[in-house]
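The values are calculated or read from the model by the stated rules, or taken from the named source; none is laboratory data. Keep in mind that this is a model prediction, so the values were computed, not measured. When we count neighbours, we look across all protein chains shown, and the Cβ atoms used for this are built from the backbone with ideal geometry, even at glycine.
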């Protein structure tokens with residue numbers, strides 16, 4: 001199939017992961033293409049778009065069933081045609097994710113860390129799991145931390161003692177052990193390379209739509225995992241800001 005080289009590279013990056021995550025890509029479809037228009041998508045439309053990205057219809061149907069079962073999507077009928085739209089619960093999550101992906105509202109680290117000491121040792125495993133879903137990572141067996149952001153309220157969790165910690169040089173030396181900074185940096189550098197290729201490329205309207213989807217997907221899978229640490233805790237060559245700038249320029253190029 002003849003297509004723009006930059007689009008082919010984005011598709012190859014997706015299929016190069018083991019295994020490719022069709023469900024995650026479908027989530028990006030709704031975030032990049034559907035949510036702004038508030039529309040439902042027909043199964044046939046989804047299958048056509050993803051088939052252009054070398055994903056077979058059977059994989060699409062399987063992934064859609066999982067997304068419906070976990071409450072991310074709602075399945076509707078229009079005669080014999082199946083339609084899919086975001087659930088009310090997922091809509092709020094998508095809007096928050098969109099703020100982050102498209103830079104409408106970005107976290108502002110204030111240089112401190114929210115700390116929680118788990119005092120209820122009988123619930124330690126449960127509390128660690130709950131706190132992990134809130135962005136906390138273990139600093140010690142009974143101490144969980146996350147970066148404090150402006151306008152983000154520190155949680156009050158039963159069975160935990162709340163602390164406020166200040167980022168310092170000792171913590172900076174351990175930051176690569178505590179947070180997945182190296183894979184995130186690698187992901188951001190890949191986004192920069194893809195975005196630069198997109199900016200230099202020429203696309204048909206259909207290719208531009210697919211390239212936008214794939215570029216948003218590549219950026220989304222990295223930026224939603226970024227803990228947004230205080231600058232003091234980041235490596236000096238941290239590529240997050242450069243990746244966002246390259247992403248924004250490439251999206252503008254695709255809009256023509």
query: Taking residue 206, is it assigned to a helix (DSSP H, G or I), under 30 Å from residue 52 (Cα atoms) and out of contact with any helix residue (DSSP H, G or I) (no Cβ under 9 Å at 6 or more places or on another chain)?
result: yes
query: Can you list the strands (runs of 3 or more DSSP E) found entirely within segment 39-130 that contain at least 3 residues being modelled with pLDDT under 90?
result: 81-86
Hits in segment 131-146 - residues which are surrounded by 15 or more Cβ atoms within 10 Å (Cβ to Cβ) and farther than 18 Å from residue 112 by Cβ: 142
statement: Per the filter on segment 238-249, residues within 16 Å of residue 179 (Cα to Cα) and either modelled with pLDDT under 95 or part of a helix (DSSP H, G or I) (or both) are 240
